[in-house]
Amino acid sequence: MTDAPQYDLYSPTFKAHAYQTYAQMREQAPVCQHAGLNGENKLWFITRYADCEAVLRDHKRFVKSYENTLTPEARAQLAPASKIERLLGQHLLNMDGTDHTRLRGLINKAFTAQMVNRMQDRVQALADELLDQVEAQGAMDLLNEYAFPLPIIVIAQMLGVPAADREHFRRWSNAFVEPAHNADEWAQQVSLLTGFIDYLGRIFAERRQNPQDDLITALLQAEEAGDKLNEDELYSMVVLLIVAGHETTVNLIGNGTLALLRNPEQLARLKSQPDLMPAAIEEFLRYDGPVERATIRFAKEDVEIGGQLIRRGEPVSVVLASADRDSLSFTQPEQLDTARDNNRHLAFGFGVHYCIGAPLARMEGRIALNTLLRRLPNLRLAVPVEALTWRENPILRGLQGIPVAWG
Ligand code: HEM
């Protein structure tokens, strides 16, 4: 693989022009091995839609837990995980096979379309309350004051953790998803994450005394029943739900609003035809979705994809953002089309790890954007678009802030 083309995949410039780079990769080297974030470990990047779908579909040969690629002897040699790794790492996105099915079964019910429909009125009231607080100001940071609080308050209420603690969740959640660049940053992250675990320990103790009608109580009861989930899995599940509730829908609202403000004819169409909103949400997810790359998978055996041999144990990154701009799968993929039909985007993933929160995220996105356009019809960017900067995270795609004004 020495002569494979090399791409800039981690700089702030790359983030600003990611789709151009991915177009080159699809054309020149659709399955290519490239340095990971640390510059050392190589990672396979899969950039064409058909190959991305094939990897996500093939959960038997592309597994989430590295351990599952090892022989029993090699596994026995592994150093035991630290306490924090155990308490944070035993979640759905690190699990395969029956363990994954068992854990997913525990929370499935909470996220069905039916459950989500029941929450619509509450989410609508919340969107209105958030805008009531800022309307008279004539300007706000859309991410901080609207797109961020809405989904985190919703998931906090579902779980049964105080929404008032959301600034803590934000810092903890950041520590969970942001890559550490050096030992100091790593030490700081461990300290924050230990704070997160201690906090959850206190909530769990309180909820064991006073069960409520919430997801944490349901999970605690499953843990106490014995064979359904253990303590590590309990902590990891709640952390994953808080992080997923935090780091994704915020950017559906943010990236979606930005796409509309940059495409005024689409904005005008959506305002005059609000019934298009469900299709528009799918298009925002495809056009500039919150999850740029799926979480890492590992080849369980040697597998050929797109003419390249991926060897057992090698890590693979499925680039969802690239798949969703593939002209072999979408007509005029570079165009934002809020009425696009047959929009089979991969923004929520595909296969057994398909996003469990998709119905919730769609409902939140629809209500948040409808309410925003209805209540602030003169919404516009308050800074030139070039002044916006993307967060550095390689997996997630979202801006640092979106200053907007109206009136
Ligand atoms: C627009 C918002 C969202 C997007 C774009 C999104 C995207 C994704 C993607 C791409 C995956 C699969 C990752 C992979 O296969 O590597 C995933 C999985 C997951 N998502 Fe979401 N997500 C969103 C919102 C949410 C919300 C609101 C929740 C719940 C609070 C949630 C919970 C989860 C969970 C638990 C998984 C793991 C499922 C499994 O492994 O079986 N997501 N999400």
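The values are calculated or read from the model by the stated rules, or taken from the named source; none is laboratory data. Here the structure is a predicted model, which is why all the values come from computation and not from measurement. Because the Cβ atoms are built from the backbone with ideal geometry, glycine has one as well, and the counts that use them run over all protein chains shown. We work out accessible area using only protein heavy atoms, side chains counted, and drop any ligands, DNA or RNA first. Shrake-Rupley method; radii C 1.70, N 1.55, O 1.52, S 1.80 Å.
Some observations on this one:
- For residue 71, the conditions (1) β-branched (Val, Ile, Thr); (2) open to solvent by 20 Å² or more (accessible area, probe 1.4 Å); (3) in contact with a Pro (Cβ under 9 Å, 6 or more places away or on another chain) are fulfilled apart from (3).
- Applying the condition of being among the small types (Gly, Ala, Ser) and crowded, with 18+ Cβ neighbours inside 10 Å to segment 161-179 and asking which residue is nearest to the ligand (Cβ to nearest atom) yields 173.
- Test set (1) open to solvent by 20 Å² or more (accessible area, probe 1.4 Å); (2) in contact (Cβ under 8 Å) with a residue 12 or more places away in the chain; (3) within 16 Å of the ligand (Cβ to nearest atom) - residue 292 fails condition number: (1)
- Selection count where residues are more than 16 Å from the ligand (Cβ to nearest atom), of a type in the set (Ser, Thr, Tyr) and surrounded by fewer than 11 Cβ atoms within 10 Å (Cβ to Cβ), scope segment 74-98: 0
- Every condition in (1) within 24 Å of residue 56 (Cα to Cα); (2) open to solvent by less than 40 Å² (accessible area, probe 1.4 Å); (3) not aromatic (Phe, Trp, Tyr) is met by residue 300 except one, and the failing one is (2).
- The lone criterion from (1) under 28 Å from residue 396 (Cβ atoms); (2) in a helix (DSSP H, G or I); (3) within 16 Å of the ligand (Cβ to nearest atom) left unmet by residue 204 is number (3).
- Scanning segment 318-352 for residues that are within 16 Å of the ligand (Cβ to nearest atom), open to solvent by less than 40 Å² (accessible area, probe 1.4 Å) and in contact with a His (Cβ under 9 Å, 6 or more places away or on another chain) yields a count of 4.
- Looking across 45, 62, 111, one residue alone is closer than 25 Å to residue 197 by Cβ, open to solvent by less than 50 Å² (accessible area, probe 1.4 Å) and touching a residue at least 40 places away in the same chain (Cβ under 8 Å). It is 111.
- Residue list for segment 108-122, filter: under 20 Å from the mean Cα position of the chain (by Cα) and either under 15 Å from residue 361 (Cβ atoms) or at pLDDT 95 or above (or both): 110, 111, 112, 113, 116
- Note on segment 116-133: residues that are part of a helix (DSSP H, G or I) and either buried (at least 18 other Cβ atoms within 10 Å of the Cβ) or touching a residue at least 24 places away in the same chain (Cβ under 8 Å) (or both) amount to 11.
- Residue in segment 28-39 that is part of a loop (DSSP other than H, G, I, E, B) and either within 15 Å of the ligand (Cβ to nearest atom) or open to solvent by 70 Å² or more (accessible area, probe 1.4 Å) (or both) present: yes
- Filter result (in contact (Cβ under 8 Å) with a residue 24 or more places away in the chain and open to solvent by 20 Å² or more (accessible area, probe 1.4 Å)) within segment 143-152: 144
- Scanning segment 180-191 for residues that are surrounded by fewer than 16 Cβ atoms within 10 Å (Cβ to Cβ) and assigned to a helix (DSSP H, G or I) yields 183, 184, 185, 186, 187, 188, 190, 191.
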